[in-house]
Every structure is written in C-alpha cells, then in structure tokens.
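Let me begin by presenting the structure, written as structure tokens, before commenting on it.
The values are calculated or read from the model by the stated rules, or taken from the named source; none is laboratory data. Because the structure is predicted, anything quoted here is derived from the model rather than measured. When we count neighbours, we look across all protein chains shown, and the Cβ atoms used for this are built from the backbone with ideal geometry, even at glycine. Surface areas here come from the heavy atoms of the whole protein model, side chains and all, with no ligands, DNA or RNA. Shrake-Rupley method; radii C 1.70, N 1.55, O 1.52, S 1.80 Å.
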Amino acid sequence: MREAQLQDEIRLAVAQLEGVVLWRNNVGVGRVGRSEAPVRFGLAVGSADLVGLVTMPDGTGRFLAMEVKTQDGRLSGEQARWLSLVRSLGGLAVVVRSVEDAVAAVEAARRGDR
C-alpha cells in the first residue's frame, strides 16, 4: 500500500472517533501561477503528515502529530527532530504504519502518554 492511501484510510477511521480532529499537512515547495519564485507550504520541514487535536478526559485538548510510514518506510532526520520537538512540548508525536496504530495513538494521547 502506498503512503498516500494509508493516510486516507487513517483519516477516514480517525474521523469516526469522538473528540478528534486531524488535518493533512502537506509539506513541500512549489510554484504559484507564472511566478518563478518558490513557495514553501506546510508547517515546517519535517513536520508530521497528520496533525490535530484530541479532547482529553478533563475537557482540555492535546496536540497529536502522526507521521505516516509504510511498513518499510523510514524517518528522515528532519522528521525525527520535529516529532521530538512536539514530544518535548507535551504533545504526542508518533510514527504510524496502520489504521490500528493511528487509533492506538489517539487512545495514548487521551491517556496522557508521551
């Protein structure tokens, strides 16, 4: 399965869960119209594929970042650093390789896991 297809399946599954909002975070460089100047898009180099918020049991929210990888996909150095930054600031940042991994990440975020 391709990474893009896995991302779509994860977004559909997580959308069924209560108290979770995820956004697709496309990161890259492109051109707009006829301009030759590059335009950067996405949160930051290395930022996770899916980012969002999970409602905690006390009603507050927690930031969740999921880097989607196929079974043999590997993190880049920038991706590893970005996930580490999110964790250091109290969010949950994980690599997911299946819908089951993503659902487990939501549950872990709600428990307050690191």
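Considering only protein heavy atoms and a probe of 1.4 Å, how much of the accessible area of the chain is carbon and sulfur, as a whole percent? Kindly include the intermediate steps, with their values, before the conclusion.
Numbers: 3620 of 6970 Å².
Carbon-and-sulfur percentage of accessible area, whole number: 52.
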Whole-angstrom gap from the stretch 66-81 to the stretch 28-58, using each part's C-alpha centre: 16
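Over all directions, average the projected area of the Cα convex hull of the stretch 13-57 and note it in nm².
4.4
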Sequence-separation-based contact order of the chain, relative, with Cα cut under 8 Å and 6+ spacing, percent: 25
In degrees between 0 and 90, to the nearest 10, how far off the longest principal axis of the chain does helix 3-15 point, with axes built from Cα atoms? 40
Would you mind working out the accessible area per residue for the chain, using a 1.4 Å probe, and quoting it in Å²? 61
At a Förster distance of 22 Å, what's the computed FRET efficiency of L75 paired with R31, Cβ-Cβ distance as r, to 0.05? 0.20
If you take the square roots of the eigenvalues of the alpha-carbon gyration tensor of the stretch 74-114 and sort them as a ≥ b ≥ c, do you get rounded (a/c under 1.5), prolate (a/b over b/c) or oblate? oblate
Send over the per residue convex hull volume for the chain, Cα only, as a whole number of Å³. 123
